[in-house]
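The values are calculated or read from the model by the stated rules, or taken from the named source; none is laboratory data. The shown structure was predicted, so the numbers you read here are calculated from the model rather than taken from an experiment. Every residue, glycine among them, receives a Cβ derived from its backbone with ideal geometry; neighbour counts consider all protein chains shown.
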Amino acid sequence: MKKVLTRTALATVLAFSAGTAFATVKVGFMLPYSGTYAKLGEAIENGFKLYVQEQGGKLAGQEVQYFKVDDESNPSKGPENANRLIKRDQVDILIGTVHSGVAMALAKAANDSDTTLIIPNAGADAITGPLCSKNVFRSSFSNWQPGYAMGSVAAEQGHKTAVTISWNYAAGKESTDGFKESFEKAGGKVVKHLTLPFPNVEFQPLLTEIASIKPDAVYTFFAGGGAVKFTQDYAAAGLKDSIPLLAAGFLTDGTLEAQGASAQGLLTTLHYADGLDTPRDNAFRENYKKNFPQLPPDVYAVQGYDAAQMLDAGLKAVNGDVSKKDAMREAIRNARIDSPRGEFTLSKAGNPVQDMYLRKVEGDVNKVVKVAVEKLADPARGCKL
Ligand code: PHB
């Protein structure tokens, strides 16, 4: 029997054949919008939306529909918050998060539901290590990367002993472990690892201990609001001029205005820096400042921007059809991302292989000094992909 197509059915068929039938892609942001990492979440969202806006508001012909959850950097609420986006909102793609502990819960929920996840910050080594999986990617770094880069710099500078200090959770532990690995390989010694619970900022007793140990240098991981308080307390304790403070660049990224004099001159390592002065980075910074005049174009904004670029690469490969998960993921994994930080590729585990810059705080910028380690790949220990 001959079937007659109704007008709407015909329109649908035509739309499919024109490749425009998958009209929207649903993107779920799970980010901290409150607490010590609130500004980081905001910058990531800004960066992501900026890239989409530059593409005329669409990725691979798809309108982007946004959903948001404030994860409060609270790991215990991680599963519930992730499922708000996955089950309630039925998002196609998850973008999250900042805090490594929350990201572990998010990655598990993404795996259980076979949802594609792009992590725009959290560095938890395990996610691109033993827990690596085909649906999870990072546009950011592993916690090991900036720490490892700084350990080499510290040794190069002739430091023989160091104390490490950080919050007592995955990011702090893994960042300081990365530092210790390269510092000790080069003949240095980490004589003490000091910690306090996240997100506490009662640094005083620990600073007193540093003063009594008198190491050649201190290496630290802190970020966001806590980083501001740490540099201020370190300077106020009179340590800034006597014991060089070295850090993963998060210590001074997006925070310089609030840190004022306490951050001047600090040396840090990170996969982004001010003053790269490439056409790609200059264009990004100009447009970011135009859209968000109150905010510095920091590493978090870049990571959000690049998460959108990675998604775009995946969507283009499947003509916007998010149901073709395997092909989309393969395209993301094989993409070359033209990042403001410099071009990067992804490791098999889905983590950026990227230059680590040495930066120095000068005024309100983290001025690039040099590339500390070129094309540094996370070792992805335990990843079986
Ligand atoms: C993390 O928890 O992995 C983390 C948080 C903030 C940063 C960097 C890493 O700035």
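Is one or more of the residues making up the stretch 206-219 free of Cβ contacts under 8 Å to residues at least 40 places away in the same chain and outside any helix (DSSP H, G or I)? Yes: one or more hits. State all residues of the stretch 243-261 that are among the charged types (D, E, K, R) and more than 9 Å from the ligand (Cβ to nearest atom); if no residue qualifies, say none. Scanning the stretch 243-261 gives a single hit, GLU257. Scanning the stretch 207-230 turns up one or more residues that are on the phi > 0 side of the Ramachandran plot and under 26 Å from the mean Cα position of the chain (by Cα). Only one of the numbered conditions (1) of a type in the set (A, V, I, L, M); (2) within 30 Å of ASP114 (Cα to Cα); (3) over 17 Å from the mean Cα position of the chain (by Cα) is violated by LEU256, and that is (2).
Residues checked against (1) in a loop (DSSP other than H, G, I, E, B); (2) at pLDDT 95 or above:
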| position | (1), (2) |
| --- | --- |
| THR12 | no, no |
| PHE16 | no, no |
| PHE22 | yes, no |
| PHE29 | no, yes |
| LEU40 | no, yes |
| LYS49 | no, yes |
| GLN65 | no, yes |
| LYS77 | no, yes |
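Among the residues examined, ALA247 does not qualify as surrounded by fewer than 18 Cβ atoms within 10 Å (Cβ to Cβ) and not in a loop (DSSP other than H, G, I, E, B). Scanning the stretch 137-162 for residues that are in a helix (DSSP H, G or I) and of a type in the set (Phe, Trp, Tyr) yields TRP144, TYR148.
Here is a list of conditions, (1) more than 30 Å from LYS240 (Cα to Cα); (2) surrounded by fewer than 23 Cβ atoms within 10 Å (Cβ to Cβ); (3) within 16 Å of the ligand (Cβ to nearest atom); (4) of a type outside the set (A, V, I, L, M), and PRO296 meets all of them except one; can you say which number that is? Checking PRO296 against (1) more than 30 Å from LYS240 (Cα to Cα); (2) surrounded by fewer than 23 Cβ atoms within 10 Å (Cβ to Cβ); (3) within 16 Å of the ligand (Cβ to nearest atom); (4) of a type outside the set (A, V, I, L, M), the one that fails is (1).
Could you please let me know if GLY265 is of a type outside the set (Phe, Trp, Tyr) and under 25 Å from HIS159 (Cβ atoms)? The answer is yes for GLY265.
ILE86 satisfies every condition listed in (1) more than 16 Å from the ligand (Cβ to nearest atom); (2) outside any strand (DSSP E or B); (3) within 19 Å of ASN46 (Cβ to Cβ) except (3). Note on the stretch 93-112: residues that are surrounded by fewer than 21 Cβ atoms within 10 Å (Cβ to Cβ) and in contact with a strand residue (DSSP E or B) (Cβ under 9 Å, 6 or more places away or on another chain) amount to 1. Number of residues in the stretch 154-177 that are hydrophobic (A, V, I, L, M, F, W, C), within 12 Å of the ligand (Cβ to nearest atom) and out of contact with any strand residue (DSSP E or B) (no Cβ under 7 Å at 6 or more places or on another chain): the value is 1. Just one of (1) surrounded by fewer than 22 Cβ atoms within 10 Å (Cβ to Cβ); (2) more than 16 Å from the ligand (Cβ to nearest atom); (3) within 30 Å of ALA335 (Cβ to Cβ); (4) not β-branched (Val, Ile, Thr) fails for GLY151. It is (1).
Scanning the stretch 220-241 for residues that are of a type in the set (S, T, N, Q), closer than 23 Å to GLY178 by Cα and not in a strand (DSSP E or B) returns a single hit, THR231.
Any residue at all in the stretch 310-319 that's under 20 Å from GLY41 (Cα atoms), in a helix (DSSP H, G or I) and in contact with a helix residue (DSSP H, G or I) (Cβ under 7 Å, 6 or more places away or on another chain)? Taking every residue of the stretch 310-319 in turn, at least one turns out to be under 20 Å from GLY41 (Cα atoms), in a helix (DSSP H, G or I) and in contact with a helix residue (DSSP H, G or I) (Cβ under 7 Å, 6 or more places away or on another chain). Among what's in the stretch 121-143 and is more than 11 Å from the ligand (Cβ to nearest atom) and closer than 21 Å to ARG341 by Cα, pick the residue that is surrounded by the most Cβ atoms within 10 Å (Cβ to Cβ). Among them, the one singled out is THR128. Find the residue count for the stretch 98-136, including only residues that are part of a helix (DSSP H, G or I), touching a residue at least 60 places away in the same chain (Cβ under 8 Å) and of a type in the set (S, T, N, Q). Of the residues in that region, 2 qualify.
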